[in-house]
1. Of everything in region 366-375 that's in contact with a helix residue (DSSP H, G or I) (Cβ under 8 Å, 6 or more places away or on another chain) and assigned to a helix (DSSP H, G or I), which residue is farthest from residue 478 (Cα to Cα)?
2. Going through 171, 136 one at a time, which residue ends up being out of contact with any strand residue (DSSP E or B) (no Cβ under 6 Å at 6 or more places or on another chain), loosely packed, with under 12 Cβ neighbours inside 10 Å, assigned to a helix (DSSP H, G or I) and free of Cβ contacts under 8 Å to residues at least 24 places away in the same chain?
3. Among the residues of region 224-257, which ones are more than 27 Å from residue 19 (Cα to Cα) and in contact with a strand residue (DSSP E or B) (Cβ under 8 Å, 6 or more places away or on another chain)?
4. For region 338-365: of the residues being in contact with a helix residue (DSSP H, G or I) (Cβ under 9 Å, 6 or more places away or on another chain) and modelled with pLDDT of 85 or more, which is nearest to residue 474 (Cα to Cα)?
5. Can you confirm whether residue 177 is surrounded by 11 or more Cβ atoms within 10 Å (Cβ to Cβ) and at pLDDT 85 or above?
6. Tell me, please, whether a residue that is at pLDDT below 60, touching a helix residue (DSSP H, G or I) at 6+ places or on another chain (Cβ under 8 Å) and in a loop (DSSP other than H, G, I, E, B) can be found in region 277-286.
7. Helices (runs of 4 or more DSSP H) wholly in region 1-114 with at least 2 residues that are modelled with pLDDT of 90 or more and not assigned by TED's automatic domain parsing to the domain that holds residue 440 - which ones?
8. Can you pull out every residue in region 376-400 that is part of a loop (DSSP other than H, G, I, E, B) and at pLDDT 85 or above?
């Protein structure tokens, strides 16, 4: 079976892409600013290695803005400060549902909209071309950078191999720093050398000028092996991924520069600790390599090298000369540092807590809890004067239902995205009765009734009532404007024709407000003969009054007529 890509599928995919970008920019940028503040306040207390980890966490946040929910997290704080309204697609004639009149054959409170060629598919939203442009630009940038990396790798593989003495020196440095042996060492006149590249089979590239002084050669090798020891190759891979996926955001480029600086200075500390050069000699070595190197330009790939970023050499030399023995005072990693990084990672990478979901779990599956939940929602709806559209000062069951259905019909697409089960007939359109079944819990209970073990009023059904009440609260929190009074009257007329055996059970549990006593459908059917009898008696009395001449008999007939009309009016009011 061939998969068919519909406009609805494209809209959903585009929404996911743009939602990821929006969350990445919001949370990643907020974390970048907070990390900058922390690194400035604790600059002298954190080593360069800790700085690298902190900035790498920012890149991870840009790539994975959503994580496991945790209350004390950055995402929860941002959500609490600025809670955005849900994205709503613009309504068109094809997305607005046509009111459907209920028929007596509907037993679940919903009526299927007409299907077939007469139902128009949702049109493509403006988000689709925007997401398509972003994906195309990302793929083009990824292709260009992969070609640059492949060209540099092939060029380095073609360089002549190092001599036996150099290979032995590299192996000795690897053993001393606890790094697995580098299998490939090349010697050439690359302007970016020295550098190391490759994740699984790292390759070290040196220049002929490094072979002149053995002590300087060992220092250069220590610096490059330190990149492997610290896992900088993996961090640089993370930088490439983030720089490609969020290429348009300058904050990501700024974070990458912070990582580059912290990474090189951390390797400088390693080199001073394990190398043979003094601080002055090492500064001179950095300066000479920076003079002979040329920075990468454009989209060309530049690996993590000792001096492949000349603009930062002056700052690195200044940091080395100001704190030449900092790395030997205390270990880079300790229990307090690890505990801080673990807590910081949880704070930065955890997702926001869904307060509505947490609130929903506080309601137990009991009828009393459902009634309390319903009373709470009734008070929220009663605050809206437009809900009491007959102006009698009392919010009835049908007025509340019509008001909530009208809110759902303001943005049917957003409602169906939030509650996918609302579209019972999978037509892509929402009608009045589908919205009513969702906000009353009838739709969910109907699904439960199909199970062989389902029981009316069971605990699972009560959970469905809580879910329906949460849907009502969602509508109140995300309403665009007050519904039109004429629309409310139309919806009330449609809902008034619903014949649902669960109507009384639903009304008692999730209305929450004062209602007049109503008789069930069976009692109404039993009272139909009484209606006919009353009407017949009234007609007989009215006929007798027309011909009766005796004043006493006329007064008696009028008294009987008034009593019968009062009884009939009471029955009609109860109905």
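1. Filtering region 366-375 for residues that are in contact with a helix residue (DSSP H, G or I) (Cβ under 8 Å, 6 or more places away or on another chain) and assigned to a helix (DSSP H, G or I), the one farthest from residue 478 (Cα to Cα) comes out as 367.
2. Criteria check complete, one pass: 136.
3. Across region 224-257, the qualifying residues are 224, 225, 227, 228, 232, 233.
4. Applying the filter and picking the extreme gives 350.
5. no
6. Step one: filter region 277-286 for residues at pLDDT below 60, giving none.
There is no residue in region 277-286 that is at pLDDT below 60, touching a helix residue (DSSP H, G or I) at 6+ places or on another chain (Cβ under 8 Å) and in a loop (DSSP other than H, G, I, E, B).
7. Numbers: elements: 7-41, 48-63, 74-81.
In region 1-114, the matching helices (runs of 4 or more DSSP H) lie at 7-41, 48-63.
8. Quick first cut of region 376-400, residues part of a loop (DSSP other than H, G, I, E, B) only: 383-384, 388-396.
Once the filter is applied, which keeps residues that are part of a loop (DSSP other than H, G, I, E, B) and at pLDDT 85 or above, region 376-400 yields 383, 384.
The values are calculated or read from the model by the stated rules, or taken from the named source; none is laboratory data. For clarity, every value in this text was computed on a predicted model and none was experimentally measured. Neighbour counts run over all protein chains shown; Cβ positions are idealised from the backbone, glycine included.
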